[in-house]
Amino acid sequence: MSPVPAAPADPTAVHPMPGQPRVVQLKPLVTSELIEVGAYSYYDDPDDATAFETRNVLYHYGPEKLVIGKFCALGTGVRFLMHGANHRMDGPSTFPFPTMGGSWADHFDLLTGLPNRGDTVVGNDVWFGYGSMVLPGVRIGHGAVIGAGAVVVGDVPDYGIVGGNPARLIRTRHDDETVARLLAVAWWDWPIELITRHIRTIMSGSVEALEAAAQEGTS
């Protein structure tokens, strides 16, 4: 009798860790059409992690999207500021009078045409440290690490480690050749059965072992 194949984790479970309501998978949780999250990306927060859409994605009035890839780990207090946070700075005051309503709303054109960098996009396998913040329109590459308390104001390269306010590149996790090989392997796009068989290689193996596992998936 052939062995029963190992069952992968359930990507539809909002709470993947029994007895730990502080951890939620975001893909089955979010409802906004302006937020896209890949499978297995999770958020950890002891104070109602299920409120991620309203507590952690701020000023999201659209139409810009927040796109988060697969297998991302978001620490407690991560915040994504969206373009609705922008104010005019070219006049005497930054106060957004038209948003207060009444006859002031007749001047809403003063709030249109503000600087806009488009969608905020996070790659796959990104780790966000405690209390980090991402400003509107930032693009974060695959495999990046965002340090605790970092304020990310600009794009982050693949496998880059950033920290500070404003966040600056501290180093990359691998040399350029290795990064290119990892991006070519793109393990996060493998069939889930292949990922399940090679968890140990993905977490602690060599690039060569990862490439060999990828070949298994094509044979």
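The values are calculated or read from the model by the stated rules, or taken from the named source; none is laboratory data. The structure presented is a predicted model; accordingly, all values stated were derived computationally and were not measured. Glycine also receives a Cβ, built like all others from the backbone with ideal geometry; neighbour counts cover every protein chain displayed. Side chains included, ligands, DNA and RNA excluded: accessible areas come from the protein's heavy atoms. Shrake-Rupley method; radii C 1.70, N 1.55, O 1.52, S 1.80 Å.
Do we have ALA184 as hydrophobic (A, V, I, L, M, F, W, C), open to solvent by 30 Å² or more (accessible area, probe 1.4 Å), within 21 Å of the chain's Cα centre (by Cα) and under 26 Å from GLY160 (Cβ atoms) here? In short, yes. Annotation for region 163-184: at least one member residue is farther than 27 Å from ARG117 by Cα and aliphatic (A, V, I, L, M). Within region 44-53, can one find any residue that is open to solvent by less than 70 Å² (accessible area, probe 1.4 Å) and either touching a residue at least 40 places away in the same chain (Cβ under 8 Å) or farther than 30 Å from ALA148 by Cβ (or both)? The answer is no, given that none of the residues of region 44-53 is open to solvent by less than 70 Å² (accessible area, probe 1.4 Å) and either touching a residue at least 40 places away in the same chain (Cβ under 8 Å) or farther than 30 Å from ALA148 by Cβ (or both). Go through region 84-134 residue by residue and tally those that are open to solvent by 50 Å² or more (accessible area, probe 1.4 Å) and in contact with a strand residue (DSSP E or B) (Cβ under 8 Å, 6 or more places away or on another chain). Residues in region 84-134 being open to solvent by 50 Å² or more (accessible area, probe 1.4 Å) and in contact with a strand residue (DSSP E or B) (Cβ under 8 Å, 6 or more places away or on another chain): 3 in total. Under 8 Å by Cβ, and 6 or more places apart or on different chains, what pairs join a residue from region 128-157 that is assigned to a loop (DSSP other than H, G, I, E, B) with one that is modelled with pLDDT of 95 or more and aromatic (Phe, Trp, Tyr)? Matching pairs, first to second residue: GLY141/TYR159; HIS142/TYR159; HIS142/TRP188; GLY143/TYR159; ALA144/TRP127; ALA144/TYR159; ALA148/TYR130; GLY149/TYR130.
Checked against the criterion of being part of a helix (DSSP H, G or I) and surrounded by 15 or more Cβ atoms within 10 Å (Cβ to Cβ), region 163-176 contains not a single residue that satisfies it. Scanning region 135-148 for residues that are of a type in the set (A, V, I, L, M, F, W, C) and open to solvent by 20 Å² or more (accessible area, probe 1.4 Å) yields LEU135, VAL145, ALA148. The one condition from (1) of a type in the set (Gly, Ala, Ser); (2) open to solvent by 30 Å² or more (accessible area, probe 1.4 Å); (3) under 15 Å from TYR130 (Cα atoms) that GLY77 does not meet is (2).
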